[in-house]
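Each reported figure results from applying straightforward, stated rules to the coordinates on display, with no laboratory input. Note that this is a predicted model, so its numbers are computed, not measured. Cβ placement follows ideal geometry from the backbone for every residue including glycine, while neighbour counts extend to all protein chains displayed.
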Amino acid sequence: MKNCIVVTGGAGFIGSNFVNEWVKHGLGKVINLDKLTYAGNLENLAEIQHNPDHVFVHADIGDREAVQKLLAAHQPRAVVNFAAESHVDRSIHGPGEFIETNVVGTFHLLEEVRAYWGALGATDKTQFRFLHVSTDEVYGSLSATDPAFKETNAYEPNSPYSASKAASDHLVRAYHHTYGLPTLTTNCSNNYGPYHFPEKLIPLVIHNALQGKPLPIYGNGSNVRDWLYVTDHCSAIRRVLEDGTVGETYNIGGWNEKTNLDVVHTLCDILDQEQPKAQGSYRDQITFVVDRPGHDQRYAIDATKIERELGWKPAETFETGIHKTVKWYLAHPQWVNNITSGEYKNWVSQNYKERGEELA
Ligand code: NAD
Ligand code: DAU
């Protein structure tokens with residue numbers, strides 16, 4: 001094996017942050033396999049496009065031949081699987097792609113990784129890792145008084161997205177239990193930060209605010225999410241990859257529970273300071289729209305295990321991370337503009353028209 005890792009989905013939001021950091025920190029070679037769906041964006045990797053430690057491969061995780069060739073050619077010491085359909089609302093409109101990539105794609109990837117790993121020599125076999133990046137949504141929804149999700153919570157997914165991620169987590173678990181594949185699974189809370197695709201709450205609100213468009217809040221805005229700055233998620237994955245116990249799962253979170261309304265108010269207040277409107281506040285643009293079907297009320301991660309066993313802690317608080325995020329979007333208007341065309345524009349038109357708003 002070489003000091004090389006394969007990352008799947010490395011042109012998306014979290015994957016590109018992970019790959020950029022890996023290459024910039026000189027941690028070794030990264031083979032970045034991505035299908036470049038609407039969510040994959042090579043612009044996220046512009047800073048490392050000429051770096052010999054970054055090799056981009058345009059392929060589907062479900063393409064067995066492509067994966068087999070790539071593993072044979074590069075002899076990686078680990079595979080980190082970010083590739084997925086990731087947007088809950090899209091999974092409600094069209095679950096098929098979620099089953100195809102998150103379940104069937106993960107299965108094909110596991111099969112090829114199992115074959116590659118099975119043929120390694122004894123030492124390499126012990127050292128190899130398959131790290132599967134998953135979500136807190138597999139645990140379902142909490143009431144206001146429930147304790148935060150622990151690794152021992154039962155899986156109770158509620159959306160086609162979370163059900164497909166839960167299925168993939170179960171496959172990973174089974175490949176460890178049955179075949180001995182050295183797997184690790186991480187379940188993280190909501191991420192935010194640079195390169196976040198503007199269909200998700202935080203970048204959507206920043207973008208719409210600056211465009212003078214409505215800021216759509218599903219239902220009454222009381223749903224709670226637990227926010228983690230994206231590079232803290234990446235540092236946690238690196239810790240688990242290097243020192244996590246094979247076969248285990250690790251919850252990752254920043255102890256930052258906020259209602260959606262609080263998050264949007266915070267964004268408006270920062271924008272009011274950084275780029276004030278001629279008149280009034282960005283809060284005036286807040287609009288309550290029809291709720292997400294089956295909308296989970298609250299997610300919260302208990303990150304005690306990763307803190308205790310691997311000494312990981314987030315570097316950012318919500319306050320520092322959200323300021324950095326707004327400043328990044330203000331400094332990169334072209335990145336968003338390049339996205340807000342074509343397929344993404346069609347999605348905005350469809351999603352919000354059904355909620356009684358014209359946002360496109
Ligand atoms: P994203 O939608 O921004 O990016 C997904 C990437 O995967 C894209 O580059 C896309 O082109 C690629 N991809 C999709 N299908 C593929 C396929 N069949 N083969 C190869 N590549 C494919 O997603 P994200 O927000 O960066 O999330 C990455 C991972 O982290 C996902 O597995 C997601 O479930 C998980 N996760 C996300 C969050 C979050 O808040 N965004 C939190 C916890 C866990
Ligand atoms: O919890 C981890 C999950 O976080 C990841 O597994 C998913 O991949 C990721 O997309 C994210 O899922 P959410 O559904 O929580 O993220 P989203 O940004 O879509 O929504 C955040 C909250 O904001 C949620 O309660 C729905 C609400 N919302 C969202 C949008 C897009 C609104 O109120 N208005 C909106 O326009």
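To the nearest 20 Debye, how big is the dipole of the range 244-360 about its Cα centre, given +1 on the beta carbon of each Lys and Arg and -1 on that of each Asp and Glu?
In debye, rounded to 20, the range 244-360 gives about 160.
Compute the Rg/Rh shape ratio of the range 95-252: radius of gyration over Kirkwood radius, all on alpha-carbon atoms.
For the range 95-252, the value is 1.02.
What is the Cα radius of gyration of the range 209-294 over 2.2 N^0.38 Å, N being its residue count?
Normalised Rg, Cα atoms only: 1.48.
Suppose each label sits 7 Å from its Cα in the direction of the beta carbon; what would the Asn346-Ala331 distance come out to in nanometres?
3.5
Based on C-alpha coordinates, I'd like the Rg and Dmax of the range 164-273, in Å.
Over the range 164-273's Cα set, Rg and Dmax evaluate to 17.6, 56 Å.
For the range 171-234, I need the span (max minus min coordinate) of the C-alpha atoms along each principal axis, in Å, sorted largest to smallest.
Rounded to whole Å, the extents work out to 54, 26, 16 Å.
Give the calculated FRET efficiency between Glu100 and Lys24 to the nearest 0.05, with a Förster radius of 35 Å applied to their Cβ-Cβ distance.
Calculated value: 0.60.
Contour minus end-to-end for Glu151 and Glu319, with contour as 0.36 nm per residue of separation and end-to-end as the Cα-Cα distance?
Difference between extended and current length: 57.8 nm.
So, in nm, how far is label Arg308 from label Ser222 when the simple model puts each one 7 Å beyond its Cα toward the Cβ?
3.3
Where in the range 31-70 is the amide nitrogen less than 15 Å from a point lying 7 Å along the Cα-to-Cβ axis of Ala115?
Those under the cut-off are 61-70.
How much length is gained if the chain between Glu358 and Ala122 is pulled fully straight, taking 0.36 nm per residue apart and subtracting their Cα-Cα distance, in nm to one decimal?
79.0 nm
For the range 95-171, what is the per residue volume of the convex hull drawn over the alpha-carbon atoms, in cubic angstrom?
It comes to 91 Å³ per residue, whole-number rounded.
Scan around Arg298 for amide H atoms under 5 Å from its own, H built in the peptide plane at 1.01 Å from N, and keep only partners 5 or more places away or cross-chain.
For Arg298, the qualifying residues are Leu142, Val224.
How many angstrom lie between the Cα centre of the range 77-106 and the Cα centre of the range 162-221?
Taking the Cα centre of each part, the range 77-106 and the range 162-221 sit 10 Å apart.
Taking the Kirkwood radius as the inverse of the mean 1/r across Cα pairs, report the Rg/Rh of the chain.
Taking Rg over the Kirkwood Rh, I get 0.96.
I'm checking a number: the convex hull volume of the Cα atoms of the range 267-315, normalised per residue, in Å³. What is it?
Spread over its residues, the Cα hull of the range 267-315 gives 127 Å³ apiece.
Which whole number of Å³ per residue matches the convex hull of the alpha-carbon atoms in the range 221-360?
In the range 221-360, the Cα hull volume divided by residue count equals 160 Å³.
Would you work out which of Ala122, Pro216, Pro182 lies farthest towards the positive end of the dipole of the chain, given +1 charges on the beta-carbon of Lys and Arg and -1 on that of Asp and Glu, about the Cα centre?
My answer, from the dipole projection, is Ala122.
State whether the range 1-135 is rounded, prolate or oblate according to the following rule on the C-alpha gyration tensor (a ≥ b ≥ c being the square roots of its eigenvalues): a/c under 1.5 gives rounded; otherwise a/b larger than b/c gives prolate, and the remaining case gives oblate.
Oblate.
Cross-link list Lys213/Lys258; Lys213/Lys345; Lys213/Lys353; Lys200/Lys258: which exceed 18 angstrom alpha carbon to alpha carbon?
Exceeds cut-off: Lys213/Lys258.
At a Förster distance of 56 Å, what's the computed FRET efficiency of Val246 paired with Ala278, Cβ-Cβ distance as r, to 0.05?
Calculated value: 0.45.
Would you calculate the separation in nanometres between label points at Leu42 and Ala66, each defined as 7 Å from the Cα along the Cα-to-beta-carbon direction?
About 1.3 nm separates the two model spin labels.
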